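Before any comments, here is the structure.
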Amino acid sequence: MFNIGPWELILILVVALIVVGPGKLPEVAKSLGKATREFKKATTGIKKEFDEAINSVEEPARPPKAESQPIQESKATPEEAVEKSKE
């Protein structure tokens, strides 16, 4: 996600220590961790809902299967079949 090297991380921690102070630094880090966790949880939930919606749209609606009935063979000649259809 972030491309932070070890020197950049040390610099960020030193600046945070100077700005916040050694007494409040653990409390600030804890609240930052909670905020990050909540943000990740929220984005994961939204992503899951989005993926489910996309998958439901992409899947074509399938008609219910018709009950299959055995095909009965007709022993009538083609002429008889034509006459039967005219009736």
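Observations, loosely collected:
- Extension gain, residue 14 back to residue 85 (0.36 nm per residue minus Cα-Cα distance, nm): 16.2 nm
- Spin-label model distance (nm) - residue 37 vs residue 51, 7 Å beyond Cα toward Cβ: 2.2
- Fewest-first ranking of 24, 86, using other Cβ atoms within 10 Å as the exposure measure: 86, 24
- Cα gyration tensor category, rounded, prolate or oblate, for region 2-53 with a/c compared to 1.5: oblate
- Shown is the FRET efficiency for residue 27 and residue 4, computed with R0 = 25 Å from the Cβ-Cβ distance and rounded to the nearest 0.05: 0.65.
Each value in this text was obtained by applying a stated rule to the coordinates, not by laboratory testing. Small disclaimer: the values here were computed from a predicted structure and weren't measured. Positions of Cβ are backbone-derived with ideal geometry, glycine not excepted, and every protein chain shown enters the neighbour counts.
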